[in-house]
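What follows is a set of notes on a single structure, which appears directly below.
The values are calculated or read from the model by the stated rules, or taken from the named source; none is laboratory data. This structure is a prediction, so every number in the text was calculated from the model and none was measured. Cβ placement follows ideal geometry from the backbone for every residue including glycine, while neighbour counts extend to all protein chains displayed.
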Amino acid sequence: MRSLFLALLPLGLAAQSTTVVDNARVRILNAMDPPHRKTALHKHDVNRVMIYLDTSDQDISHPDAPTEHFHWKAGDVAWSPAGGMHVSENVGSGNLRIVEIEIKQPAPAALPKRARNLDRHHRLVDVEFGRAAQVFFVVLFVLTGATLHPDQLGAVAWIGLAFVIARALGKAAALYALAWPAHISASQAGTLSLTLTPIAGLALGMTQPIYDIAPEFGARLAAIVISGVAILQLLGPIATRYALIRAGEGEPRARD
């Protein structure tokens, strides 16, 4: 199931729909979208849940954005937030049947996290874990640093670099291999691999139990891990920002 968050159903001139439930909370429609019939320019004022009963392809055109293409499989379920003006067209070879559930309650003040790709301002979700998390990471780094032998860092730095390269190649290879079944292009797979560059600092803490069992080996392992983490902590945000901008999900001049 892919792209579950876009306004999709054409209920303009082309689609045929029948209302089966209509109450104070929801309206449920059975819609049938014939192939190769564009809708009139329209918008949806309420949030909807879409259930696709047929496999088909669909194009969504916005006046101020490139046409988006989607492939739907029978059984797909999509969250469709209220959106702006658009034209939709079933570009498959057969009818596209859809069950549409309109939610009449007002939309939330902020977009759901899963619908952030519809935000034209590309605002990212701020993640804040509070003071407790800051103290935790300070303790984590102190404990890990206490196990390090500075004279080992230079000797194992090349192993840390090799780890970074092998990690990046492994993630990229997996994404390219799974691009076809996931219905994403090679370009999308490459961009997605860049967003997987960052690594969590918790990797440092995972070396502590090994140090408790085998101090000498644990110290060497910690030196390798901290070398790789340091490199990825520097390159990860840069690679992720580039990938978001290239994918159209980030603004080049944004400060956050």
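State yes or no: is residue 184 at pLDDT 80 or above and either closer than 30 Å to residue 70 by Cβ or in the same structural domain as residue 138 (by TED's automatic domain parsing) (or both)? Yes; evaluated as a whole, the condition is true for this residue.
One residue is enough: does region 64-84 have a residue meeting the conditions of a type in the set (Ser, Thr, Tyr), part of a strand (DSSP E or B) and under 24 Å from residue 183 (Cβ atoms)?
Quick first cut of region 64-84, residues of a type in the set (Ser, Thr, Tyr) only: 67, 80.
Those left that are additionally part of a strand (DSSP E or B): 67, 80.
Filter once more, keeping what is under 24 Å from residue 183 (Cβ atoms): 67, 80.
Yes, there is a match, as at least one residue in region 64-84 is of a type in the set (Ser, Thr, Tyr), part of a strand (DSSP E or B) and under 24 Å from residue 183 (Cβ atoms).
Quick check on region 46-81: of everything there that is small (Gly, Ala, Ser) and over 18 Å from residue 31 (Cα atoms), which residue is nearest to the chain's Cα centre (by Cα)? Break it down into steps so the answer makes sense when it comes.
Looking only at region 46-81, we keep the residues that are small (Gly, Ala, Ser), and these are 56, 61, 65, 74-75, 78, 80.
So of that shortlist, the ones also over 18 Å from residue 31 (Cα atoms) come out as 61, 65.
Details: 61: 22, 65: 20 Å.
Here the residue is 65.
Filtering region 169-200 to residues that are in contact with a Lys or Arg (Cβ under 8 Å, 6 or more places away or on another chain), in a helix (DSSP H, G or I) and farther than 15 Å from residue 239 by Cβ leaves nothing.
If we keep just the residues of region 24-36 that are in a loop (DSSP other than H, G, I, E, B) and modelled with pLDDT of 90 or more, which is surrounded by the most Cβ atoms within 10 Å (Cβ to Cβ)? Residue satisfying both the conditions and the ranking: 34.
Filtering region 182-232 to residues that are of a type in the set (D, E, K, R) and crowded, with 17+ Cβ neighbours inside 10 Å leaves only 220.
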